[in-house]
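The values are calculated or read from the model by the stated rules, or taken from the named source; none is laboratory data. The structure displayed is predicted, hence computed values, not measured ones. We place every Cβ from the backbone using ideal geometry, glycine too, and count neighbours over all the protein chains shown. All accessible areas refer to the heavy atoms of the entire protein, side chains included, with ligands and DNA or RNA removed. Shrake-Rupley method; radii C 1.70, N 1.55, O 1.52, S 1.80 Å.
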Amino acid sequence: MQEDRSPEGGELFANAVQHSDAPADRLIEVHDAGSGRPSLRATSPDDEHGRGLFLVNELAVHWGCCPRVGGIGKFVWALIAPALAV
């Protein structure tokens, strides 16, 4: 059974923004052991899922996906500008 970790991820990001005085972009990375690569896709108003990467694409300065060292899984990263991170 897969657990939803979205609230924890949001809390970690909010704390990093709140307690950081760095003027630079914030780097966010999400690692997993899956082999699938993320891709933007169209959604309809009735879809219950599928908007996460769209939001990352709209809000991030840059984002991408890279294989993890050792060849198991991947990580998706995004740079968030300070003005958007507040």
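Screening the candidates R37, R41, R5 for the property of being modelled with pLDDT under 70, open to solvent by 80 Å² or more (accessible area, probe 1.4 Å) and of a type outside the set (A, V, I, L, M) yields one hit, R5. So which residues in the range 16-33 are at pLDDT below 85 and either touching a Gly at 6+ places or on another chain (Cβ under 9 Å) or open to solvent by 90 Å² or more (accessible area, probe 1.4 Å) (or both), if there are any at all? Residues satisfying the conditions are Q18, H19, D21, P23. Among residues of the range 55-83 being under 11 Å from the mean Cα position of the chain (by Cα) and among the β-branched types (V, I, T), the one that is nearest to Q18 (Cα to Cα) is I80. Residue selection: F54 fails the criterion of being surrounded by 14 or more Cβ atoms within 10 Å (Cβ to Cβ) and either over 16 Å from L27 (Cα atoms) or at pLDDT 85 or above (or both).
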